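Student: Okay, here's the structure, questions in a sec.
The values are calculated or read from the model by the stated rules, or taken from the named source; none is laboratory data. Keep in mind that what you see is a predicted model, and the values were worked out from it rather than measured. Here the Cβ is made from the backbone with ideal geometry for all residues, glycine too, and neighbour counts use every protein chain on show.
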Amino acid sequence: MVHYTASRMLYLRSKFQGTQVMREQSISLPMAILININIMMGSGIFLNTVLLAKGAGAVGFMSYLLVGSMLLPLVLTIAKLIEMHPSGGFYSYMSKEMNPFFGFITTWGYFTGKLASATIMIHTCVDTLQQLIPSLSIVHPFVIDFIILGTFIALNMLHIRTGSMIQAMFTTCKAIPILFAILAGLFLFSGANFTQPHLLWSGIPLILPITIYATMGFESACSISSKIHNAKRNAPLAILISYAINLTILMSYQFLFYGALGSSLSECATYRDMFPGLLGALIPEDPVLAAKIGGLFNIAIASSILGGSYGIIFSNVWNLYTLAQHKHVILPNLLTKFNRFSIPFICILVEGAICLLYLILSGGVQVTLQQLGALGVVFTYTMSALALINAKRKNPGISIPFWIPILGFINCLILITACINGLLKSGPTGLYGFIFLFGLGTLMYWYTARSTNAISE
């Protein structure tokens, strides 16, 4: 009896410790929402403020509502897929609902495309800081890029909970200027800024392409779904809640910023002039102080852009890890090794190498990397919509109307057309880069598939 009791106590203790370890290595629902918001709300909300005001005046905020409505079927589609396959990510959706090749190429396209976005975020931040802090301009921007990227790689080697706390820090830096703009907008709001001369409805179609970039990223929870506690319930909730929060903030921020400054916002040369202008309206008696505080807000904006880059590197690593688990990449055993913090450290080093390659080959050209990243993400959206259409066809009992993934697929075709058109107008380099990466991934898939079959025979 004593022996049985002791054994039972040891069993319960080991089970409790195992549960504790699992919880320490998992991400809660609030933290998953925070990570998603940090990635979604990267540089777009700030970079677009002046551009939307110039293009559509007081109704610039409506572009977020239009794009948000257009993307909603995709949001619901991906939320349903993650509910059906809570621990698999994009690879699981496609391989189970279509076939392993589609699972690979979708995940590979997303993994490489997202790193293009992370790279340009770092370079944009460095460019901003060098203009705000003249002493930094004596250093070549690539040197600072390398230092920041190296720091991010090192930080991502730490425990997943540590990474979550870093995410919270970056989100706080991002929240300060946004919250200030909303509160100042409420204080300075003038209905005269929404009269007829300010309502440039004809500009809405022209600003939709730049609005799209600020509303993407809701799918980031898919990359870390296997790390989210109770993923079947919490991962879809993280997508839906973070999307709703992000869209509400984007619209409120743009609406109130214009409500406070009116046409003065349209007259700003760049986004770096908008916070000094807002502070100048709040404290017109001290323009020097307004300019200094505005500069601090711009530094906070730069750090928030970095937060989006860190969040991508933090979550995206698990996409490569998943491909290595299924032996679809070279050196899979090496890529699936964990460090003492249960992090696939070689995958993180590969992320860093790809970011460096992007930076060197593009020379830091923003448009090319931005559109390459967008095309990779939109390709993933398209394949995800096809996966749910196929799943619904095979099992009509899935609890989502058939028209939602179909509408999502149609919207994806529109987005892909816009991305390719933008790439061709800005130069074919980005499109060639996407085709090269797509082709490289395809060759790697078939090479590893043949090697695996040869071993099994």
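Student: Being modelled with pLDDT under 70 and either in contact with a helix residue (DSSP H, G or I) (Cβ under 9 Å, 6 or more places away or on another chain) or under 18 Å from GLY113 (Cβ atoms) (or both) is the filter here; which residues of the stretch 426-457 pass it? Write out each step before concluding.
Tutor: Of the stretch 426-457, the ones modelled with pLDDT under 70 are 426-431, 451-457.
Hits for the stretch 426-457 are SER426, GLY427, PRO428, THR429, GLY430, LEU431.
Student: Which members of the stretch 335-357 meet the condition of being assigned to a helix (DSSP H, G or I) and charged (D, E, K, R)?
Tutor: Step one: list which residues in the stretch 335-357 are assigned to a helix (DSSP H, G or I), which gives 335, 345-357.
Result: GLU351, single match.
Student: Please verify whether LYS337 is in contact (Cβ under 8 Å) with a residue 60 or more places away in the chain and over 25 Å from MET40 (Cα atoms), treating the condition exactly as stated. Step through it out loud before you land on a result.
Tutor: Details: in contact (Cβ under 8 Å) with a residue 60 or more places away in the chain: no; over 25 Å from MET40 (Cα atoms): yes.
No; evaluated as a whole, the condition is false for this residue.
Student: Let me ask another. Among the helices (runs of 4 or more DSSP H) contained in the stretch 204-293, which hold 2 or more residues that are under 20 Å from PHE189 (Cβ atoms)? Steps first, answer last, please.
Tutor: Numbers: elements: 204-215, 220-223, 231-261, 263-266, 274-282.
Ranges flagged: 231-261, 263-266, 274-282.
Student: Residues in the stretch 68-91: is at least one surrounded by fewer than 23 Cβ atoms within 10 Å (Cβ to Cβ), under 30 Å from TRP446 (Cβ atoms) and of a type in the set (Gly, Ala, Ser)?
Tutor: Yes, that holds for at least one residue.
Student: Out of the residues in the stretch 122-144 that are among the aliphatic types (A, V, I, L, M) and at pLDDT 85 or above, which is farthest from the chain's Cα centre (by Cα)?
Tutor: Taking the stretch 122-144 first, the residues among the aliphatic types (A, V, I, L, M) are 122, 126, 129, 132-133, 136, 138-139, 143-144.
Filter once more, so that each one left must be at pLDDT 85 or above: 122, 126, 138-139, 143-144.
Details: ILE122: 13, VAL126: 19, ILE138: 31, VAL139: 29, VAL143: 25, ILE144: 22 Å.
Within the stretch 122-144, the match that is farthest from the chain's Cα centre (by Cα) is ILE138.
Student: Report, ordered by the first and then the second residue, all pairs with beta carbons closer than 6 Å, sequence separation of six or more or different chains, a first member in the stretch 54-70 that is within 17 Å of ALA260 (Cα to Cα), and a second member that is in a strand (DSSP E or B) and of a type outside the set (Val, Ile, Thr).
Tutor: ALA58/LEU199; VAL59/LEU199
Student: Give ILE360, ILE389, ILE330 a once-over and let me know the one that is assigned to a helix (DSSP H, G or I), more than 22 Å from CYS419 (Cα to Cα), of a type in the set (A, V, I, L, M) and out of contact with any Pro (no Cβ under 6 Å at 6 or more places or on another chain).
Tutor: Details: ILE389 fails: out of contact with any Pro (no Cβ under 6 Å at 6 or more places or on another chain); ILE330 fails: assigned to a helix (DSSP H, G or I).
Step by step, each of ILE360, ILE389, ILE330 is checked, and only ILE360 is assigned to a helix (DSSP H, G or I), more than 22 Å from CYS419 (Cα to Cα), of a type in the set (A, V, I, L, M) and out of contact with any Pro (no Cβ under 6 Å at 6 or more places or on another chain).
Student: Take the residues in the stretch 213-241 that are surrounded by 24 or more Cβ atoms within 10 Å (Cβ to Cβ) and β-branched (Val, Ile, Thr), then tell me which one is modelled with the lowest pLDDT.
Tutor: ILE224
Student: To continue, here is another question. Within the stretch 99-108, is even one residue surrounded by fewer than 18 Cβ atoms within 10 Å (Cβ to Cβ), under 30 Å from TYR432 (Cβ atoms), touching a helix residue (DSSP H, G or I) at 6+ places or on another chain (Cβ under 7 Å) and not β-branched (Val, Ile, Thr)?
Tutor: To start, the set of residues in the stretch 99-108 that are surrounded by fewer than 18 Cβ atoms within 10 Å (Cβ to Cβ) comprises 99-101.
Narrowing further to those that are under 30 Å from TYR432 (Cβ atoms): 99-101.
From what is left, the residues that are touching a helix residue (DSSP H, G or I) at 6+ places or on another chain (Cβ under 7 Å) are 101.
Restricting the remaining residues to those that are not β-branched (Val, Ile, Thr) gives 101.
Yes, the stretch 99-108 contains a residue that is surrounded by fewer than 18 Cβ atoms within 10 Å (Cβ to Cβ), under 30 Å from TYR432 (Cβ atoms), touching a helix residue (DSSP H, G or I) at 6+ places or on another chain (Cβ under 7 Å) and not β-branched (Val, Ile, Thr).
Student: Pairs, please: C-beta under 6 Å, at least 6 apart or cross-chain, first residue at pLDDT below 85 and of a type outside the set (A, V, I, L, M) and in the stretch 344-364, second buried (at least 17 other Cβ atoms within 10 Å of the Cβ) and part of a helix (DSSP H, G or I)?
Tutor: Between residues of the stretch 344-364 that are at pLDDT below 85 and of a type outside the set (A, V, I, L, M) and residues that are buried (at least 17 other Cβ atoms within 10 Å of the Cβ) and part of a helix (DSSP H, G or I), the close pairs are SER362/THR368; SER362/LEU369; GLY364/HIS123.
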